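Contents: one structure, followed by commentary.
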């Protein structure tokens, strides 16, 4: 825990001065191309396929059956620790089947396929109109019922973050609007078009967390955003909400880096921002909180950027979950000739999808179509020359070249010591590597191996415990038996009363036999 | 209608540099120093560079073939050429041709490929090659000619070629008429024989900072080094540590007894300190990886060089210093791991 004096100081400090984080990269922005048109709702697609798995962890269980009609906003997937899933339209469930889902694993998964009826008939919404007097717990329940999850990409359930936050002493809520990956502009568009909703969501979250301050962090090049948000934050009840511009260095939008930029402090290794009295939420999540609480609307749509050199007319949409990428790309004029790869998210940390049949989900902030020139993956991989560029740009101050050698040679203890688990997979090292070594891929593999080993260690520890318990049990039994024998022997030696005991036992046996004969009139059977 | 796409791992960004690019920058940065060197010492310098390059590429190709590696990406990475050029800049301009051959054999075959090739060598290949021939062929390796403006004999291109390829000087009087002690040789033998610096420095071989001509060559290397710093091919840690440690460590001795100890700037601009600071000790493969480690490495190079210059058997000790520090690099790395975020 932080000493209290330091925390108090922090309250006044967060965002007051801009600090730096180690490394990072200056990347070309490419954001303007998709910010030209206002954000539009695409026309309803013919079919929507809503995946039951939208994040790391377990999939939700479908609550509807094929043939059933659903209303817009009706829960269709339930999942206990994770976020609920709601129908994005009113219509008929056509099937519940395995389809390509939008997930880093690239696997298929259970999807609820809905054919919209075009009526857009909402389920009964239950807004909390007077949120200011509502209890924090009821607000958290509302977030849970509305299926809110972090829209920055990790899709961590908002109600769990809020509950975790309530348990720590939170003084500052940080809204992350520093969209540091190139190309993505959905948060920027949201902040331009819905600043009031974001500020309202921030106030609700602040109340839930019991925090005092809100810092909305945006990139220093977002001029239009700054004025819009500042205006929105001028309301009578908007004290202690500040808009802070942070320098555009990738990955300053990473939670840990953003906190370092705002406070100069580092989130402890393996810890959470709440240990510093802070909670980070994406601006889009804040807007979704406002929708969920004030209007009772569940999370069924999101701002999404469709962009890249591979798209004819890049732009942003407010798309319903389950809408296929191809539907959106079609509305952007389709692909250019030289499109080579389709990525969900940004070029640095996004994951590729094998088909544009993939549906929009809570985590999809951007559909990025890249050309051969963008990725140029024909370059030969060379051995590491230990130039140290990777260490220079690493925001986690790791030594990627050492980690690479350790992971490659499966030196897991060393890799752990050198902080493999602290890698945020931002991709900076990968981009600057003159030998073109796919470092992040190696680190992901290494982390997977470490997790596997941890699981195995846990399992073998369990097996060991079980074995030891069994041994102990057997020994105990043996001892007990030995003691019984001893007792018997002692009793045999003890002549007095022995005859009585024999007689008594003969008597008992006879009684038993008689009883048996009485209940079995056809005579004794073998099974006694 | 849907469309499928081939996938690939993040980041989906074209790489910014490549190994060949890094090595080319190093070669480019050596140009001013090489030009100054050739200006003062004649065409022999360029011929040595060419010879070493040819031998280095020959052994590189041979080893790649033998180790069943792809020839093209590795021959084209310029790393063998960097090794060759750095070596050629350390040897006397009129050294016989087979010196390069032996040195490159040890540099490329033994120091580089037998350790696993590019990126795997524990020792700096150029320095391994140099030290092998320095110890094995002391006569050929100490036959330095003076800068051209101090030389009494005219050394034309044909004389130079004949000398290098036959090992015989095609001038009456042979080697003795064209060779001369280097400034560092003079200092060492002079001081050891009890003469004092003020007297020694009246010799025409000394200039303002180091040896006449030599100081300009060192300045050329420094210029190239600053270019590498600007281009971020090398970090500031190693060059700063080497030069600063030489200055700081030689300063007290000079202050106490300027008659027997050269001044700090003379130490820096003599011999191979500047070349080593920017081009040799900065070799990433055989050096340290962390920034603090690189500082320690550089200080070690400066310190050991001074110790060898003062007490060792050789007038200059940069090559030995670099090799000794190469040995300690893994250990330095162990103790200088940077603090992780949040640690």
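Where a number appears in this text, it was derived from the coordinates with a stated rule and is not lab data. Computed from a predicted structure; not experimentally measured. FYI the Cβ positions are ideal-geometry reconstructions off the backbone, even for glycines, and counts take in every protein chain you see.
Restricting everything to alpha-carbon atoms, can you work out Rg to Rh for segment A:153-246 with a Kirkwood hydrodynamic radius?
0.97
Debye calculation, C-alpha points only, no solvent: report log10 I(q)/I(0) for segment A:247-310 at q = 0.24 Å⁻¹, in the same order as the q values.
-0.98
Can you work out the base-10 log of I(q)/I(0) for segment A:283-336 at q = 0.20 1/Å, using the Debye formula on its C-alpha atoms alone?
Cα-only, vacuum Debye calculation for segment A:283-336: -0.72.
Given segment A:319-467, what whole percent of its Cα pairs are spread farther than 22 Å? Can you show the working numbers first?
On the way: 6008 of 11026 pairs.
Roughly 54 percent, once rounded to a whole number.
Report the far tail of the P(r) of segment B:110-208, meaning the percent of Cα-Cα pairs longer than 22 Å.
Details: 2515 of 4851 pairs.
Considering segment B:110-208, 52 percent of its Cα-Cα pairs are separated by more than 22 Å.
For segment B:1-62, what Kirkwood radius comes out of the mean inverse Cα-Cα distance, in Å?
15.8
Hey, got the Cα dimensions of segment B:287-332 along the principal axes, in Å, largest first?
So the extents along the principal axes, rounded to whole Å, are 32, 15, 12.
Quick check: convex hull of the Cα atoms in segment A:381-491, volume per residue, rounded to a whole Å³?
About 103 Å³ per residue, rounded to a whole number.
Considering only B:95, B:319, B:140, give the residue with the highest GNM mean-square fluctuation for chain B, with springs between Cα atoms whenever their separation is below 10 Å.
Maximum among the listed residues: B:140.
Just to be sure I understand the model, the point goes 7 Å from the Cα along the line to the Cβ. What's the resulting residue B:240 to residue A:463 distance in nm?
Computed distance between label sites residue B:240 and residue A:463 equals 5.4 nm.
Over 10 Å intervals from 0, what percent of Cα-Cα pairs in segment B:1-157 sits in each interval?
Percent of pairs per bin, in order: 10, 34, 29, 14, 7, 4, 2, 1, 0.
Quick one, can you get me the convex hull of the C-alpha atoms of the protein assembly as shown expressed as volume per residue in Å³? It would help to have the intermediate numbers written out before the result.
On the way: hull volume 280.9 nm³, N = 871.
Roughly 322 Å³ of hull volume per residue.
For segment A:4-111, just run the numbers: alpha carbon Rg, then divide by 2.2 N^0.38 Å, N being how many residues it has.
Its radius of gyration relative to the 2.2 N^0.38 Å reference: 1.65.
Relative to the longest principal axis of chain A, what angle (0 to 90°, nearest 10) does the C-alpha long axis of helix A:498-519 take?
Helix A:498-519 and the main axis of chain A meet at about 70 degrees.
If you project the alpha carbons of segment B:246-309 onto their three principal axes, what span does each projection cover, largest first, in Å?
Extents along the principal axes, in whole Å: 40, 20, 17.
With a 10 Å Cβ neighbour count serving as the proxy for reagent exposure, in which order, fewest first, do B:305, A:323, A:397 appear?
On the way: B:305 28, A:323 25, A:397 20.
Taking fewest neighbouring Cβ atoms as first place, the list is A:397, A:323, B:305.
Any chance you could tell me what percent of the C-alpha pair distances in segment B:214-334 go past 17 Å?
52
Quick check on segment A:192-306: what are the equivalent-ellipsoid semi-axes from the Cα gyration tensor, as sqrt(5λ), descending, whole Å?
22, 17, 15
Distance in nm between label sites at residue B:16 and residue A:269, each 7 Å beyond Cα in the beta-carbon direction?
About 2.6 nm separates the two model spin labels.
Can you give the Rg and Dmax of segment A:306-375 based on its C-alpha atoms, in angstrom?
Cα only, segment A:306-375: 10.8, 32 Å (Rg, Dmax).
Quick check on packing: order A:19-26, A:234-241 by the mean number of other C-beta atoms within 10 Å, highest mean leading.
A:19-26, A:234-241
Would you tell me the mean number of C-beta atoms belonging to other protein chains that fall within 10 Å of each C-beta in A:266-275, as a whole number?
Average per residue, whole number: 2.
Before rounding to the nearest 500, sum -39500 (n - 2.57) across all DSSP H runs of length at least 4 in chain A and divide by the residue total; then give [θ] at 222 nm in deg cm²/dmol.
Values: 16 runs with 193 residues, N = 528.
When only DSSP H runs of four or more count, the value is -11500 deg cm²/dmol.
Going by Cα centres, segment B:321-343 and segment B:218-236 are how many Å apart?
23
Normalise the Cα radius of gyration of chain B by 2.2 N^0.38 Å (N = residues in it) and let me know the number.
My calculation over the Cα atoms of chain B gives 1.06.
For residue B:28 and residue B:57, what is the calculated FRET efficiency with R₀ set at 22 Å and r taken between the beta-carbons, to the nearest 0.05?
On the way: r = 19 Å, r/R0 = 0.84.
With R0 = 22 Å, the Cβ-Cβ based efficiency is 0.75.
Evaluate the Kirkwood expression for the hydrodynamic radius of segment A:132-180, namely the inverse of the mean inverse distance over all pairs of different C-alpha atoms, and round to one decimal in Å.
Taking the inverse mean of 1/r over all distinct Cα pairs, segment A:132-180 comes out at 12.0 Å.
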